[in-house]
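A quick write-up on the structure given underneath.
The values are calculated or read from the model by the stated rules, or taken from the named source; none is laboratory data. If you're wondering where the values come from, they're calculated on a predicted model, not measured in any experiment. We place every Cβ from the backbone using ideal geometry, glycine too, and count neighbours over all the protein chains shown. Areas reflect the complete protein model, heavy atoms only, side chains present, ligands, DNA and RNA absent. Shrake-Rupley method; radii C 1.70, N 1.55, O 1.52, S 1.80 Å.
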Amino acid sequence: MLKDITIGQYIPGDTPIHNLDPRIKIIITFAFIAALFFINKFFGYLFVVAFMIMAVGLSKIPVRYIFKGLKPLLVIILLTVALNIFMTEGEVIYTIWKLRITKEGLIQAAFMALRLIFLITGASLLTLTTSPISLTDGIEKLLNPLRSIGVPAHELAMMMTIALRFIPTLLEETDKIMKAQMARGADFETGNIISRARAMVPLLVPLFISAFRRADELALAMEARCYRGGENRTRMKQLSIEFRDYMALIITIVFFLAILWSRYFVK
Amino acid sequence: MIKAKNVSYKYSNQEGKDYFALKNINIEIKEGEFVAILGHNGSGKSTFAKHLNALLLPLEGTVYIDGMDTREEKYLWNIRQTAGMVFQNPDNQIVATIVEEDVAFGPENLGLEPNIIRKRVDEALLTVDMFEYRKHSPHLLSGGQKQRVAIAGILAMKPRCIILDEPTAMLDPSGRKEVIETIIKLNKEENITIVLITHFMDEAVNADRIYIMEEGHVVMEGTPKEIFSKVDEIKKLGLDVPQVTELAHMLIDEGIDLPKDVLTVDEMVVELCRLK
């Protein structure tokens, strides 16, 4: 039953967006998110919509996947909308009990909701088009210059890789232990939250013990294969910045400038 | 290639008492040999295997790998590259999320050029016949396939010797066969020295020489034919002989004229046909 869980939401493809260098994609995503916070009028969102339509269109990711990312965060979006509607001072247009809805509040709420929606969809476009491995590679390379000030770039990336590698293994193991405990009469499904949480103990204890044993063996195997940290280590796959990466960067810079223009120069 | 001289090693258990896992071991393995080390659990065979990769250092005595003393720090990485090690659980020795990335892990640690790594990875995967799975995720492979990927990961480091610590203990019969066939191929075609630690007698039959360990000692040494013809001695150690050898032994006891050192079904067929 735990087997259906997929890690990340990567949808493989061979499009210009998929093939962008992961470093560039991460930088673009951050620039996009930063740009969202520079927008101060609805007009600015026109550029965002254009940018998103272009990116999603090029990536060939079905639009419903893009919006699926919004689902888990719907509560936060609704809460933001509600807070903005009721808490903003201004011209009152409607009153329910003690709560006043103001015109400014409505505008502010719509504005914030749009910002959140674009933020989430923009970020999920990154994870939809980038495999966890190249994402890890990208993060490692981007953090590399920070190594001189003590950021453990290689170690972080190695930890992420190993975590990704062992998630399916540990899920499989959880499934196995669960079945073994159920065969001996363990009950994971009935009772209130407390008794269900208590039923998890015989599941978690063996799982933790085995995870530690695995970690021990893996460390030994890595040492036996000459692993000695990130120093002097090379990589088989080299990231390279190509023409399309420069193009993407230029488009992003133009987009960013357009947002700045909309903020400071459009009345 | 491998030389262990008077090697002893002890563990301390939880009560602080020491016990010797290895006592005065003397083993010599020549380049290109296929040696099996047999023994049941706790006989010290895994402890010995870890000495060959400098994962453990001898308390007394010396281990030389290709003339390099394992206790010398400066040889450590050379030794680990020369004598690669494959472990029992295939899941716990695969590091990366894609087969070819995992095979590249060793050469990457050696700091080789990317194009050289690429070449070695492809060669290693072809040798173990896993090339078509190079883009797969390891957790979707069978046990035997995973173990072959682990072997490829060692091969890509171009070792002259591979130590396999019960590589088939967690596999089903077909996976076991895949792995043993791969090992034999490496020994015969690539001339890689093989040290196979196992408790499956049928696997040891393929070796050039066998060592049997018991409570930290080497108790028997010889070719498979020499070792397995001593059926009673081996049974006394709590080990089995290959089924066919045991059958031959029982038939001899019944007064049938068979040689004592029949190890495989094919040999048995030949011998039985000769009887008529």
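Relative to the longest principal axis of the Cα atoms of chain B, the long axis of helix B:99-109 lies at roughly 70 degrees. Note that chain B presents 45 Å² accessible area per residue, ligands and nucleic acids not counted, probe 1.4 Å. At full extension, B:E60 and B:E189 could sit 42.8 nm farther apart than now, given 0.36 nm per residue minus the alpha carbon distance. Report, to the nearest 10°, how far helix B:243-253 tilts away from the longest principal axis of the Cα atoms in chain B, using its own Cα long axis and a range of 0 to 90°. Tilt of helix B:243-253: around 20 degrees. Under the rule a/c < 1.5 gives rounded, and otherwise a/b versus b/c splits prolate from oblate, where does chain A land using the Cα gyration tensor? Verdict is oblate for chain A. For the stretch B:33-73, a/c is not less than 1.5, where a ≥ b ≥ c are the root eigenvalues of the C-alpha gyration tensor, and a/b does not top b/c. That puts it in the oblate class. Using only side-chain charges placed at the Cβ, +1 for Lys and Arg and -1 for Asp and Glu, the dipole size of the stretch A:50-163 relative to its Cα centre rounds to 320 debye.
If you count Lys pairs in the stretch A:1-120 whose Cα atoms are under 27 Å apart, skipping same-chain pairs closer than 8 places in sequence, the total is 11. Cβ-Cβ distance of B:N41 and A:I162, R₀ of 22 Å, FRET efficiency by 1/(1 + (r/R0)^6): the value works out to about 0.15.
Subtracting the Cα-Cα distance of A:R196 and A:I33 from their residue separation scaled by 0.36 nm leaves 54.6 nm. Assuming R0 = 35 Å, can you tell me the calculated FRET efficiency for the pair A:A183 and B:H136, based on Cβ-Cβ distance, to the nearest 0.05? Efficiency computed from Cβ-Cβ geometry: 0.65. A P(r) calculated from all alpha carbon pairs of the stretch B:135-276, with 5 Å bins opening at zero, reads 2, 9, 17, 18, 17, 15, 11, 7, 4, 2, 1, 0 percent. Using only alpha carbons, the protein assembly as shown has a radius of gyration to Kirkwood radius ratio (Rg to Rh) of 1.11. The mean number of Cβ atoms from other chains found within 10 Å of a Cβ in peptide B:86-99 is 6, as a whole number. Summarising the amide proton neighbourhood of B:E33: residues at separation of 5 or more, or on other chains, whose placed amide H is nearer than 5 Å comprise B:I194.
Tell me, what % of the accessible area of the stretch B:124-276 is carbon and sulfur with a 1.4 angstrom probe? On the stretch B:124-276, the fraction of accessible area on carbon and sulfur atoms equals 51 percent. Please name whichever of B:I117, B:T82, B:Y11 sits farthest to the positive end of the charge dipole of the stretch B:1-154, dipole taken about the Cα centre and charges placed at Cβ: Lys and Arg +1, Asp and Glu -1. Of the options given, the answer is B:Y11.
The angle separating the long axis of helix B:143-155 from the principal Cα axis of greatest extent in chain B is about 60 degrees. Over the stretch A:108-203, the hull volume per residue, using the convex hull of the C-alpha atoms, is 213 Å³.
Determine which lysines satisfy two conditions relative to B:K119: a Cα distance under 16 Å, and not lying fewer than 8 residues away in the same chain. Output for B:K119: A:K237, B:K135, B:K158.
Kirkwood radius and radius of gyration were both taken over the C-alpha atoms of chain B, and their ratio Rg/Rh is 1.00.
Ellipsoid semi-axes for the stretch A:193-235, based on the Cα gyration tensor and the rule √(5λ), read 37, 11, 5 Å when sorted largest first.
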